[in-house]
């Protein structure tokens, strides 16, 4: 069934089709529409779930953790300052190995106070043990909620599905909403091996000593490594069933490209038009979209970029005191690899919702192509001083 829906509502339908059993709701712009729609779905009986209105984002994640630990398929959503407020609980969710799925609508962090998009909110949580998926359109948003549960429930790690504020969250696009019976065949009911059960009492989140703590973290890393295979495998199965295949990365016209542009989320979507235009002008350029940021697709990045003449990274984020975060991760992936390491240009653009238009992307590409090497580790695009 085709529907023209907002990105936020694509999240809601993804949760509906996943038959989530508990929803913890605390509204924050631009995420509010997600939980509003889910409240309507539960109120009218469309979705049989417990809808809990909490007093803060910290409580939202605490409630979600409790629900998941009790064996329910649990969901919540947030943005920016809300994600920051629940940061402590993100560690509890991942460390407890709970397959929660949460939507985060990328919104720039205050101050200055803003509701517009960049990626620093979700990337501030990159090291807590959550898988992270950055979506480029509303169809991918809906599909990634379903896939998030399918992967999380196999590796026992939570998933954060991420979409750009307003560019997706409040923009309507045509979306194929699958029949719930078909989704049921792809995503069976959640039946955890271990859960809170008065008939089978266990300890959850108990005090650990140094002789066991490190092994917990080792197993989390093993789960992240396993997740790479599961994401690819389940993405293929999803494609066979629904006609839309997903992996860790997406390549666009990379086969013979001399210069590869790396981008994520909606910037990558816009970049495809720029790649087409530059190809028509005779320039051998291509795009690598990083869809899954955690676990980081190291092997795919090395494979695609090895032997190219130049690599250009556009970051809608910054790690203050270092560089753009995707740029830094791509460089790190290359450090111990064999073969040719092309010069890499890292550009910061679009912070706080500033538009990253085709013109901006084309100017970035042209700037990198004409240079032998970057003049600095950070190349700012669009700063007005």
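The values are calculated or read from the model by the stated rules, or taken from the named source; none is laboratory data. Quantities reported herein were computed from a predicted structural model and do not represent experimental measurements. Here the Cβ positions follow ideal geometry from the backbone for every residue, glycine too, while neighbour counts run over all protein chains shown.
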Residue within region 162-179 that is assigned to a helix (DSSP H, G or I), surrounded by 21 or more Cβ atoms within 10 Å (Cβ to Cβ) and in the same structural domain as residue 9 (by TED's automatic domain parsing) present: no
Failed item, numbered, when residue 341 is tested on (1) assigned to a loop (DSSP other than H, G, I, E, B); (2) within 25 Å of residue 167 (Cβ to Cβ): (2)
Cβ-Cβ under 6 Å pairs, at least 6 apart or on other chains, region 357-385 side closer than 16 Å to residue 316 by Cα, far side exposed (fewer than 14 other Cβ atoms within 10 Å of the Cβ): 358/273
Pairs, first closer than 13 Å to residue 165 by Cα in region 3-14, second assigned to a helix (DSSP H, G or I) and at pLDDT below 95, C-beta under 8 Å, six or more apart: none
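In this structure, is residue 28 more than 25 Å from residue 190 (Cα to Cα), in the same structural domain as residue 160 (by TED's automatic domain parsing) and within 19 Å of the chain's Cα centre (by Cα)? Outline the logic, then answer.
On the way: more than 25 Å from residue 190 (Cα to Cα): yes; in the same structural domain as residue 160 (by TED's automatic domain parsing): yes; within 19 Å of the chain's Cα centre (by Cα): yes.
So residue 28 fits the description; yes.
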Lone unmet requirement of (1) touching a helix residue (DSSP H, G or I) at 6+ places or on another chain (Cβ under 6 Å); (2) at pLDDT 95 or above; (3) farther than 16 Å from residue 265 by Cβ for residue 309: (1)
Failed item, numbered, when residue 124 is tested on (1) closer than 22 Å to residue 23 by Cβ; (2) free of Cβ contacts under 8 Å to residues at least 60 places away in the same chain: (1)
Subset tally (residues that are free of Cβ contacts under 8 Å to residues at least 24 places away in the same chain and crowded, with 16+ Cβ neighbours inside 10 Å) for region 180-213: 0
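Restricting to region 361-385, and then to whatever is surrounded by fewer than 21 Cβ atoms within 10 Å (Cβ to Cβ) and in a helix (DSSP H, G or I), can you tell me which residue is nearest to the chain's Cα centre (by Cα)?
Pass one, region 361-385, residues surrounded by fewer than 21 Cβ atoms within 10 Å (Cβ to Cβ): 362-363, 366-367, 369-378, 380-385.
Those still in the list that are in a helix (DSSP H, G or I) too: 362-363, 366-367, 369.
Values: 362: 25, 363: 27, 366: 29, 367: 29, 369: 29 Å.
It comes out as 362.
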Subset of region 236-260 [in a strand (DSSP E or B) and touching a residue at least 40 places away in the same chain (Cβ under 8 Å)]: 249, 250, 251, 259, 260
The listed residue being more than 16 Å from the chain's Cα centre (by Cα) and either under 26 Å from residue 349 (Cα atoms) or assigned to a strand (DSSP E or B) (or both), out of 233, 300: 300
Helices (runs of 4 or more DSSP H) within region 48-155 that include 3 or more residues surrounded by fewer than 24 Cβ atoms within 10 Å (Cβ to Cβ) and more than 18 Å from the chain's Cα centre (by Cα): 57-69, 87-95
